[in-house]
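Peer 1: Here it is, the structure in full.
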Amino acid sequence: MDLQAFLITFREALEAILIVGVILTYLTRIEQTHWHKWVWVGVVLALAASYGVALAFQIIFTGFASIGSQNYLKIGIMLVSCGLLTHMVMFMSRQGDMQGKVQNKIASILTVGGIVNMVLHSFLVVVREGVETVFFFAAITGGDIQKALQSWGALGGLILAFVVGYLFFKGTKKISLRTFFRITSVFLMMISAGLLVQAVGIMQDLGIIGSIYRTAGGEIGEVYNITAFMPEHPIDEMQYVRDTGSQPLVNGQVGIFMKAFLGYTQNPSVEEFLLYWGYYFFLFVLLAVQRKRIVMETAVKSAA
């Protein structure tokens, strides 16, 4: 149980730390550190909400009802988070193109609506990871969340996540603002695409949406299956070893981390596959249109 708690806490905390860190570092790089407090407001509210979910689960939710509540809550948070991260990528891309003037421009962009944005971004990022941690802990302990929270694994995972996050952002201080925007935008795009695919996968598992491709037995069909390369969960790894008698190239512990972090799946449905790559295409089109608009605006201002 300690090892499971360690892995769960590490992967959930790391994603929240990295995304909140991106927001804080972004504001620092554009000399707008007075907005940091609003990011922390979102983080504190999210931690309180996560604790509330844990308390409610421990006292009120039981059995199948809790599983249903978990999935519907996760779907909603994932979809909203995907939308907010997409907006953040677009916003950061625009600032990257205005690198020389960003300090002057940002004040007119970060208004009261910007405060709400900062709080909402940080809140949803942290609360999503917090809620997932609560339900994962409930699963590995049979509902005794307190037992997992008090384990050395939970503390160790949290400490390691902070260390990795610190090293990541310490390294970004040495790169230019434009490069920082590009690196973090790619990172956020991957997380956002993963959230979208995970939400779709859960909805298909619950029967909320179907699939255009089904097997002869009526199951949702797979575009491909790369379990032999990396199972997305240790249980899938055990089943693969049982069925084939051989070990996958990469074990399921890495797979479950990649699934939680980037939405990795070993056997995507047609919808998951198309939406994952379609999301990138859609976002690249939006970025291209935005870049063209910026070029035109710059040309008009220069002519004037």
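Peer 1: Taking the highest mean first, how do the peptides 159-167, 224-232 order by number of other beta carbon atoms within 10 angstrom per residue?
Peer 2: Top of the packing list down: 224-232, 159-167.
Peer 1: Place +1 on the Cβ of every Lys and Arg and -1 on the Cβ of every Asp and Glu in the range 151-256, take the dipole about the Cα centre, and give the residue among Leu158, Val241, Gly207 whose Cα lies farthest towards its positive end.
Peer 2: So the residue furthest toward the plus end is Leu158.
Peer 1: Also, quick follow-up: If N is the number of residues in the range 177-295, what value comes out of its Cα radius of gyration divided by 2.2 N^0.38 Å?
Peer 2: 1.27
Peer 1: If the only charges are +1 at each Lys and Arg Cβ and -1 at each Asp and Glu Cβ, what is the size of the charge dipole of the range 193-304 around the Cα centre, to the nearest 20 debye?
Peer 2: I would put it at about 720 debye.
Peer 1: What whole-number value in cubic angstrom gives the convex hull volume per residue for the C-alpha atoms of the range 251-304?
Peer 2: Given the Cα convex hull of the range 251-304, per-residue volume reads 81 Å³.
Any read-out appearing in this document is the output of simple, stated calculations on the displayed coordinates, not a laboratory observation. None of these values were measured; they are calculated from a predicted model. Glycine gets a Cβ as well: all are built from the backbone with ideal geometry, and neighbour counts include every protein chain shown.
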